[in-house]
Amino acid sequence: MTHKIVPVVMAGGKGTRLWPLSRATAAKQFIRLIGDKTLFQGTLDRVADTQTYEPPLVITNDEFRFLVAEQARELGVPLSGIVLEPEARNTAAAIAVAAVIIGRDFGDHAVIQILPSDHEILADETYTRCVETAAETARQGKIVTFGITPTEPATGYGYIEMGKALPGGAHTVKRFVEKPKLEDAQKMLEAGGHFWNSGMFMCTAGQMLAELREHAPEVLAAAEEAVTEATTDLDFVRLGAAGFAKSPSISIDYAVMEKAPNVAVVPSPITWSDLGSWDAIWKLGNADADGNVVAGNATLVNTRNSLVMSRHAHLAVQGMDGVAVIASEDAVYVGRLDESQEVGNLVKTLAAKKQTAHLTENHPTSLRPWGGYTSVLNGERFQVKRLFVHPGKKLSLQKHYHRSEHWICVKGTAEVTIDDKVTILHENESIYIPQGAVHRLGNPGKILLEMIEIQTGSYLGEDDIIRIVDEFGRS
């Protein structure tokens, strides 16, 4: 039995509210939006104190598995496990799986802290006190939620109304309120005693299992079956697909929190944001004297109270007030900051059209366990990519039936295998890989390897990769 807290990091979401930077295959928790760490890495940082926490358990999906492993490795944070959901079944199923695993491995008395991976939180003394209060309340048999002190009548969050005080600083929960209309949110702020629902929880494994057994038995049964059927793949645990699919797709709020009689809330006057809109990014950014938050290549003239971010082109913005201008490599979003909660509807419109649907799914930069690539230029029978390979990593030994490739070393040292020959490339050197040749690219050096890859052929899709040997277990 552990006396430390066991963190559970939920990292499977595929939100698109921060489009065009965030997409289905490039979720916001893995993007560097503020500072030099991703939101996922910031979450790991908050549970890195080994005196307080066990190594975190991460719940994610197959598509993000190498992102999770690589970003944890970058921080040097060990993980107790990376659990892969076969499909998205909402938060109740994921939390049920975590409770089953932690109850098995640490005992029913182990305290779990459930954390979304895509929130920005200032982990100061106030935050630490709130965690300590929540942990002690959880040990008393409560399921605890963190209630964020509201700073405005926001309509994008659910609310919690607190009840009577409990020993230690927590309160009972009088009621949960769905995302309100503006006038209702204003009334709750004026009345006091209402908090934003943060989506962060603490409880013992045994208490969560008991409440699931009472209020959501189908969810618990599916989780138990999925864990029993789970298999190990490299450093990952793959849940049993048949069992997991039996779980209803339901949130933990509906499944447990709104039904259980022993739910508590810890009032948490912390600096917190779910970064669910460009407006939220602007509010947390370092604004200049005109109220502008700027990141990347941009020039602003007579512009105020705006967010301007570019990952590629130079943005010139003139005569604007209260707007977001966001440029990725292949798309630009322009809209009013006070309407940025509606980006999801714009993404749905793009997804419904054949010619723009790809902009909502795939990002020009694709991350892989060895590094990644950015699509630079596409044309008929050719494609240009920038490849980047981490030190000590290598791509799979592979071949292509429909294309040839030219590789040019831009930075670092490349080890290139073509059939039975191995060649070392230095900066400004190049090599040709004929169609059908068995080949591999590796980085034997100590710095990031950057290559330009020019593909030519009748078909250039990613599914024209025949992997012969792959250290990451991909077929």
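What the table below lists for this structure:
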quantity: Among the residues listed as G199, G147, the single one being modelled with pLDDT under 95, within 23 Å of D118 (Cβ to Cβ) and crowded, with 18+ Cβ neighbours inside 10 Å; calculated: G199
quantity: Residue in the range 260-270 that is in a loop (DSSP other than H, G, I, E, B), open to solvent by 20 Å² or more (accessible area, probe 1.4 Å), within 18 Å of L209 (Cβ to Cβ) and out of contact with any helix residue (DSSP H, G or I) (no Cβ under 7 Å at 6 or more places or on another chain) present; calculated: yes
quantity: Residues located in the range 227-259, provided they are in a loop (DSSP other than H, G, I, E, B) and either touching a helix residue (DSSP H, G or I) at 6+ places or on another chain (Cβ under 7 Å) or of a type in the set (K, R) (or both); calculated: E229, D235, L239, G240, K246, S247, P248, S249, I250, S251, K259
quantity: Checklist (1) in contact with an Asp or Glu (Cβ under 7 Å, 6 or more places away or on another chain); (2) open to solvent by less than 10 Å² (accessible area, probe 1.4 Å) applied to V100, failing item; calculated: (2)
quantity: Elements of type strands (runs of 3 or more DSSP E) in the range 133-213, at least 1 residues being without any contact (Cβ under 8 Å) to a residue 40 or more places away in the chain; calculated: 159-165, 171-177
quantity: Contacts under 6 angstrom Cβ, first residue in the range 403-422 being within 19 Å of E462 (Cα to Cα), partner in a loop (DSSP other than H, G, I, E, B), 6 or more apart; calculated: R403/L460; S404/P434; S404/Q435
quantity: Lone unmet requirement of (1) of a type outside the set (S, T, N, Q); (2) in a helix (DSSP H, G or I); (3) within 27 Å of F66 (Cβ to Cβ) for V219; calculated: (3)
quantity: The range 418-464, subset in a loop (DSSP other than H, G, I, E, B) and open to solvent by less than 30 Å² (accessible area, probe 1.4 Å), residue nearest to V384 (Cα to Cα); calculated: G461
quantity: First in the range 383-396 and closer than 20 Å to V438 by Cα, second anywhere and at pLDDT below 95 and of a type in the set (D, E), Cβ under 6 Å, 6 or more apart; calculated: S396/D470
quantity: Lone qualifier among L79, L122, L166, L75 - being among the aliphatic types (A, V, I, L, M), closer than 23 Å to A210 by Cβ and surrounded by fewer than 20 Cβ atoms within 10 Å (Cβ to Cβ); calculated: L166
quantity: Pairs with Cβ under 7 Å, 6+ apart, first in the range 16-44 and without any contact (Cβ under 8 Å) to a residue 60 or more places away in the chain, second part of a loop (DSSP other than H, G, I, E, B) and acidic (D, E); calculated: none
quantity: Any hit, the range 400-417, residues being surrounded by 19 or more Cβ atoms within 10 Å (Cβ to Cβ), under 22 Å from A69 (Cβ atoms) and basic (K, R); calculated: no
quantity: Count - residues of the range 362-390 that are within 24 Å of the chain's Cα centre (by Cα) and part of a loop (DSSP other than H, G, I, E, B); calculated: 6
quantity: Search result, residues across the range 54-72 that are among the acidic types (D, E) and either open to solvent by less than 10 Å² (accessible area, probe 1.4 Å) or not in a helix (DSSP H, G or I) (or both); calculated: E54
quantity: Matching residues, the range 338-353, being farther than 23 Å from T38 by Cβ and either in contact with a strand residue (DSSP E or B) (Cβ under 6 Å, 6 or more places away or on another chain) or at pLDDT 90 or above (or both); calculated: D338, E339, N345, L346, K348, T349, L350, A351, A352, K353
quantity: Only one of A295, A241, A313, A223 that is at pLDDT 95 or above, of a type in the set (A, V, I, L, M, F, W, C) and surrounded by fewer than 19 Cβ atoms within 10 Å (Cβ to Cβ); calculated: A241
quantity: Whichever residue in the range 126-144 is closer than 30 Å to R17 by Cα and in contact with a Pro (Cβ under 9 Å, 6 or more places away or on another chain) and, among such residues, is surrounded by the most Cβ atoms within 10 Å (Cβ to Cβ); calculated: C130
quantity: Criterion violated by Q113 - all others in (1) in a helix (DSSP H, G or I); (2) closer than 19 Å to A264 by Cβ; (3) not hydrophobic (A, V, I, L, M, F, W, C) satisfied; calculated: (1)
quantity: Filtered residues of the range 121-148 (kept if in contact with a helix residue (DSSP H, G or I) (Cβ under 6 Å, 6 or more places away or on another chain) and over 16 Å from A170 (Cα atoms)); calculated: A123
quantity: Hits in the range 321-361 (condition: open to solvent by less than 20 Å² (accessible area, probe 1.4 Å), free of Cβ contacts under 8 Å to residues at least 60 places away in the same chain and either closer than 25 Å to N378 by Cβ or part of a strand (DSSP E or B) (or both)); calculated: V323, A324, V325, G335
quantity: Identity of the residue in the range 276-292, more than 19 Å from I121 (Cβ to Cβ) and among the small types (G, A, S), that ends up nearest to the chain's Cα centre (by Cα); calculated: A287
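For (1) among the hydrophobic types (A, V, I, L, M, F, W, C); (2) within 26 Å of T60 (Cα to Cα); (3) touching a residue at least 40 places away in the same chain (Cβ under 8 Å), each residue gets a yes or a no:
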position: L220; (1), (2), (3): yes, yes, yes
position: A226; (1), (2), (3): yes, yes, yes
position: A241; (1), (2), (3): yes, yes, yes
position: A245; (1), (2), (3): yes, yes, yes
position: S251; (1), (2), (3): no, yes, yes
position: V256; (1), (2), (3): yes, yes, yes
position: S268; (1), (2), (3): no, no, yes
position: I281; (1), (2), (3): yes, yes, yes
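The values are calculated or read from the model by the stated rules, or taken from the named source; none is laboratory data. Keep in mind that this is a model prediction, so the values were computed, not measured. For neighbour counting, all protein chains shown are included, and Cβ atoms are generated from backbone atoms with ideal geometry for every residue, glycine included. All accessible areas refer to the heavy atoms of the entire protein, side chains included, with ligands and DNA or RNA removed. Shrake-Rupley method; radii C 1.70, N 1.55, O 1.52, S 1.80 Å.
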